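Worksheet: one structure, shown below.
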Amino acid sequence: AGAYLSVMGPEGIEQVARQSYAKAQYAAEQICKIPGFNLVFNRSFFNEFVTTCPIPGKALERALAEHDILAGLPLGKNLLSDESRHHSEPLPANEDSSYTENILWCVTEKNAKEDIDRLATLLAEVTR
């Protein structure tokens, strides 16, 4: 990590951070255009965010793996329960009880716009 920081320098690290942030915002926007995918929390994020998922997370992982895409991390069914949220956490953006699965997505500067678009296209296909 020290060598990476040294090679990148302050400006390089800032650029990596800006790209990660912008690409994560774009990914969230594209994913949430698909029916059944909604941001779980109403708050800002850097490069990781949680969405609902209209199919079981493990099924989503398998379907995306068939296309050599690493899916987000399935978080299971209880993320929206009152017991799982700290009292200072904001209320989830979507409290529709029909959504039972949640996925943690991570986007970095290494993810190209085309890759994010491909992910969104495949998500729409596998969740129809």
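The values are calculated or read from the model by the stated rules, or taken from the named source; none is laboratory data. Keep in mind that this is a model prediction, so the values were computed, not measured. Using ideal geometry, Cβ is built from the backbone for each residue, glycine included, and neighbour counts are taken over all protein chains shown. Just the protein is used for accessible areas: all its heavy atoms, side chains included, with ligands, DNA and RNA removed. Shrake-Rupley method; radii C 1.70, N 1.55, O 1.52, S 1.80 Å.
If only residues of region 58-67 that are touching a helix residue (DSSP H, G or I) at 6+ places or on another chain (Cβ under 9 Å) and among the hydrophobic types (A, V, I, L, M, F, W, C) are counted, the one that is surrounded by the most Cβ atoms within 10 Å (Cβ to Cβ) is LEU60.
Considering only residues that are modelled with pLDDT of 50 or more and more than 21 Å from ASN38 (Cβ to Cβ), look in region 68-93 and name the one that is surrounded by the most Cβ atoms within 10 Å (Cβ to Cβ). Per the criteria, the residue is LEU70. State whether the residues of region 39-57 include one that is part of a helix (DSSP H, G or I) and surrounded by 13 or more Cβ atoms within 10 Å (Cβ to Cβ). The answer is yes; a qualifying residue exists. Applying the condition of being free of Cβ contacts under 8 Å to residues at least 60 places away in the same chain and open to solvent by less than 40 Å² (accessible area, probe 1.4 Å) to region 104-128 and asking which residue is nearest to CYS53 (Cα to Cα) yields LEU122.
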